[in-house]
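Asks: Encoded as structure tokens, here's the structure I'll be asking about.
The values are calculated or read from the model by the stated rules, or taken from the named source; none is laboratory data. Not measured: the values here are computed from a predicted model. In this analysis, Cβ positions are derived from the backbone assuming ideal geometry, glycine residues included, and neighbour counts consider all displayed protein chains. Each accessible area value is taken on the protein alone, full model and side chains, heavy atoms only, with ligands, DNA and RNA left out. Shrake-Rupley method; radii C 1.70, N 1.55, O 1.52, S 1.80 Å.
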Amino acid sequence: MKYIVVLADGMADNPIPEWDNKTPLMAAHKPVMDELCAQGQTGLLKSIPVGLHPGSEIANMNILGFDPRKYFPGRGVLEAAALQVPIRDNELVFRCNLVTIEDNKLMNHSAGHISNDEAGELITYLNAKLHTEGVRFHQGVSYRNLMMLEDGKTGVFCRPPHDHPGENLEDLLPVAEGAADKTARRLRLLIKHSIEILSNHPINKKRIKEGKAPANAIWPWSPGKPGGFPTFEERWGIKSGAVISAVDLIRGIGGMAGLENIYVEGATGLFDTNYEGKAAAAVNALQKVDFVFLHVEAADEAGHEGDKDLKKKVVEDFDRRLLKPLWQGIQGLHEDVALALLPDHPTPCALRTHTSDPVPFFIVKPGLASDDVQTFDEFSVKEGALGMLSDGEVLEKLFE
């Protein structure tokens, strides 16, 4: 038996009044998803442990069976692992967004999805301007970058920027949660200094002239120091596996778990991602390894944009352009394949951020009798045979 988990990041949502209280999953035309759902067993998953922040880092680690309460090292550490960035012993590692500040408010967590080329030039500029302050930056993808702070102390609380669109800057700045007052002060000064040096950069002047959001500040968050967790083989006894994602966070989790990272040309982590390429890469990988984790980011980004029509389109693109060729390819393999599909967390368009609500899932597996659920959405699966699961129990059901 081969296994594949298809993770549609942030695809779950809340009922939308303008759509007769349908969610994007309910409103979208998704015949492949519904057909697979009707063939399998369904349920709900509590992907966020009680008391933890509903971030993708927490949800994806938890879904894969690595308890984030025990193993989470900080998002910056995971993304540094994906980018193969060496971390010095005295450095505290942060995920560092390029964001938009307007009227002293945090307006956009992604600086309008700034391009890689523009972000790269700004990261180079930041390194030149701020290196004397004991900080270095490393470019990731678009607005998603890294920051390493010399002699930074753990015990500092940094708010994820995508959770606070339109809120006052002063209310969101890092604060100490322990003996990290100096580190928190340094971070607050770095953010304010970045506004001073980025606001007049030619790239941002050009973006403003073109009606685009400027990348006029850094936003470091999810700090941590390198740690480790068991390999996927140690956790589940599965000897070989691969991760397909455009997002460094997911690649980092995969790399630290001993899974191979497969890179797909044109995979962007946005609405224009190469769905077909990801499906083909997954089918090819299933011929070589026992487990594939296929992650697609687009629905989450649509939720953060607050664009319900875009999110509905993303669900339909996912169904037609990724799930259809993926399932067709799986049917052509000479081995049995078990498939699970689920979001990691909801990203409701009305809220523009993640929530901890349970997410729907289904499992299709040779020999597994179907339940009575015929369509896949946040409410239909409440009648599913698998009920309410938590932590790594979806994989337990998939592998049993």
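Asks: Averaged across orientations, what area in nm² does the convex hull of the alpha carbons in region 276-400 project?
Replies: The directionally averaged projection comes out at 8.1 nm².
Asks: Distance check, please: which entries in K212/K308; K313/K365; K46/K308; K182/K311; K105/K311; K225/K382 exceed 32 angstrom between their Cα atoms?
Replies: In this structure, K182/K311; K225/K382 exceed 32 Å between Cα atoms.
Asks: Oh, and also: For the chain, what is the mean residue ellipticity at 222 nm derived from helices alone (per DSSP H run of n ≥ 4: -39500 (n - 2.57); sum divided by total residues; nearest 500 deg cm²/dmol)?
Replies: Per the formula, -9500 deg cm²/dmol.
Asks: While we're here: Starting from the eigenvalues of the Cα gyration tensor, five times each then square-rooted, give me the equivalent ellipsoid semi-axes of region 253-317, largest first, whole Å.
Replies: Taking √(5λ) for each Cα gyration eigenvalue gives 25, 13, 9 Å.
Asks: Which GluC sites (Glu not before Pro) from region 105-156 combine a DSSP loop assignment with at most 13 other Cβ atoms within 10 Å?
Replies: Those that pass, being in a loop and sparsely packed, number zero.
Asks: What length, rounded to one decimal in nm, is gained on full extension from N104 through to D67, with 0.36 nm per residue of separation minus their alpha-carbon distance?
Replies: Net length gain for the segment: 9.6 nm.
Asks: I would also like to ask the following. What distance in nm separates the simple spin-label points at E167 and T231, each placed 7 Å from Cα in the Cβ direction?
Replies: Those two pseudo-labels are separated by 4.1 nm.
Asks: Placing +1 on the Cβ of each Lys and Arg and -1 on the Cβ of each Asp and Glu in region 140-255, which of A180, H193, L169 has its Cα farthest towards the positive end of the resulting dipole?
Replies: The residue sitting most towards the positive pole is H193.
Asks: Once each part is reduced to its C-alpha centroid, what is the distance from region 159-225 to region 98-158 in angstrom?
Replies: Here the answer is 7 Å between Cα centres.
Asks: Leaving out ligands, DNA and RNA, and with a 1.4 Å probe, what % of the accessible surface on the chain is carbon or sulfur?
Replies: 47
Asks: Quick one: what does P(r) look like for the chain with 10 Å bins over all Cα pairs, in whole %?
Replies: 5, 23, 33, 24, 12, 3, 0
Asks: Please give the per residue accessible area of region 299-365, computed with a probe of 1.4 Å over protein heavy atoms only, in Å².
Replies: 34
Asks: From largest accessible area down, sort T355, T231, T42; use a 1.4 Å probe on the protein chains.
Replies: In descending accessible area the options line up as T231, T355, T42.
Asks: What is the packing order of peptides 298-306, 156-164, 172-180, 329-337, taking the mean over residues of other C-beta atoms within 10 Å and listing the highest first?
Replies: 298-306, 156-164, 172-180, 329-337
Asks: Follow-up. So how exposed is K22, as accessible area in Å² (1.4 Å probe, rounded to 10)?
Replies: Surface open to solvent at K22 totals about 90 Å².
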